[in-house]
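The values are calculated or read from the model by the stated rules, or taken from the named source; none is laboratory data. Everything numeric here is computed off the predicted structure, so don't read it as measured data. Cβ coordinates were reconstructed from backbone atoms using ideal geometry, including for glycine residues, and neighbour counts include every protein chain displayed.
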Amino acid sequence: MGSEDTGTEPTPGHPRPTRRGLLGALGAGLAGAAIGGAGSAAVVSASFDTGNQGSARGVVPFHGTHQAGIITPAQDRLHFAAFNMLPNVGREGLIKLLRDWTEAAALLTAGKPVGAGAAPENALLPPDDTGEALGLGAGHLTITFGLGRTLFVPADETTGEDPYGIRHRLPAAFEPLPSFAFDLLDATQSGGDLCVQACADDPQIAVHAIRNLSRIAAGRAHLAWSQLGFGRTASTSREQDTPRNLFGFKDGTANVMAQDTRALNRDIWVGSEAPGWMQGGSYLVARKIQMTIETWDRASLGEQERIIGRTKIEGGPLSGGTEFEAPDFSAERGGAPAIDVEAHVRLAHPENNGGVQMLRRGYNYVDGSNGLGQLGAGLFFICFQKTPETFVTVQRSLKPDLLNEYIRHIASGLWAIPGGIRQGEFVAQALFD
């Protein structure tokens, strides 16, 4: 489910880790867009080679032109967290928090313990590292940081408050998401002053990262909500096969790939149109989308395929061809459009959205079940784009989507993702210079 971005056929070969699969599959969250200036080519390619693929030791370099965890080959596990700043922390307190988080994230992504580790010399002191990831290695852990609009402009924009002295650095494109049709958002599981996306091969590594960053934030920011995810619902590298969502359909067949330099520069990376601190960054939209699994499971195969616009087993468009065949929206079958005019694939496709594209990086989730035996399950949708308006354009196109009968958008958030972090710097340092 999701934006039908134009990409290039991926090839199988990326290993799928299975350790601790049960924990990931039961991802119980505290925590919904679609389901289903530009730098040089050399700069983007170098960033992918040095900061996004990972080594044989499972380490994805933390420093680089762009933050890791965007075009990094999507890992199978997620722990996403949103934080709110505590009152009266101020500018210097925020800077110190970002410094401390950056230092810890560099260690965590290298598979190293935080601070003095899990066993301090003085046993009367609490350990700097909680220790539950000892022996698990780096697990291709990536930690991606984002800043919420409320850091720049308080919820009541008429007050003129500017507690962190950064209001004048607010990018013009960083506008709040509007209300969309069928939104049923829970405010306690939406938004946040800061966000942290931790992705890894092992769920315990991702949880360990968020747990330790939460401890470090104590007294300055508190964890507002979080979400565990399992089973990536998109590919971000041609080396990965196409995954399936909980409706059983292949998801993200034509996602923007890490190798698609032109698409990345045009649609994902922020360029000279924004303040310097955002250049090389992107905008992250997260939407928690609950699926009415039991209702979907009673729909016929033909109806499911009509709703999505693709075949369930092969993933090819109903206009004909293989999974990676471009949909032909003019094709007819029996005098009617082969792909329904309200099918998800048609409405989400760039051809019907002014050509805009996004990079999708979502995950399945299961938050247990209710007293009726219905699963609290769905898609924790994550996408990256050069401007939030991209997401708004696609989401508005989906208003008549046949899929809307089977999904509920229950949480939402938007964050600015600063450019990459260089050695000796902290995340978003240029924002405060």
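Values computed for the structure shown
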| item | result |
| --- | --- |
| Residues within region 407-428 that are of a type outside the set (A, V, I, L, M, F, W, C) and crowded, with 18+ Cβ neighbours inside 10 Å, tallied | 6 |
| Residue among ALA181, ALA173, ALA133, ALA187 that alone is more than 24 Å from CYS383 (Cβ to Cβ) and either buried (at least 21 other Cβ atoms within 10 Å of the Cβ) or of a type outside the set (Val, Ile, Thr) (or both) | ALA133 |
| Pairs, first more than 19 Å from MET278 (Cα to Cα) in region 167-189, second among the polar types (S, T, N, Q) and surrounded by 15 or more Cβ atoms within 10 Å (Cβ to Cβ), C-beta under 6 Å, six or more apart | PHE180/GLN395; PHE182/ASN404; LEU185/SER412 |
| Counted residues, region 331-373 - those being polar (S, T, N, Q), surrounded by fewer than 13 Cβ atoms within 10 Å (Cβ to Cβ) and either in a loop (DSSP other than H, G, I, E, B) or in contact with a Lys or Arg (Cβ under 9 Å, 6 or more places away or on another chain) (or both) | 1 |
| Region 53-79 - residue that is among the polar types (S, T, N, Q) and at pLDDT below 95 and, of those, surrounded by the most Cβ atoms within 10 Å (Cβ to Cβ) | GLN53 |
| Filter result (in contact with a Phe, Trp or Tyr (Cβ under 9 Å, 6 or more places away or on another chain) and either assigned to a loop (DSSP other than H, G, I, E, B) or among the β-branched types (Val, Ile, Thr) (or both)) within region 383-404 | LYS386, THR387, THR390, VAL392, LEU398, LYS399 |
| Residue ID - nearest to ARG244 (Cα to Cα), chosen from residues in region 290-310 that are polar (S, T, N, Q) and out of contact with any strand residue (DSSP E or B) (no Cβ under 8 Å at 6 or more places or on another chain) | GLN304 |
| Residues of region 217-255 classified as hydrophobic (A, V, I, L, M, F, W, C), in a loop (DSSP other than H, G, I, E, B) and at pLDDT 95 or above, total | 4 |
| Test: PRO178 is closer than 22 Å to HIS409 by Cα and not small (Gly, Ala, Ser) | yes |
| Residues (out of contact with any strand residue (DSSP E or B) (no Cβ under 9 Å at 6 or more places or on another chain) and of a type in the set (A, V, I, L, M)) located in region 355-375 | LEU372 |
| Options PHE180, PHE152: the member that is in contact with a Ser or Thr (Cβ under 9 Å, 6 or more places away or on another chain), under 30 Å from THR387 (Cβ atoms), at pLDDT 95 or above and of a type in the set (Phe, Trp, Tyr) | PHE180 |
| Selection within region 99-124 - under 22 Å from LEU151 (Cβ atoms) and either touching a helix residue (DSSP H, G or I) at 6+ places or on another chain (Cβ under 8 Å) or part of a loop (DSSP other than H, G, I, E, B) (or both) | ASP100, TRP101, ALA104, ALA105 |
| Within region 281-323, tally of residues that are crowded, with 22+ Cβ neighbours inside 10 Å and part of a loop (DSSP other than H, G, I, E, B) | 3 |
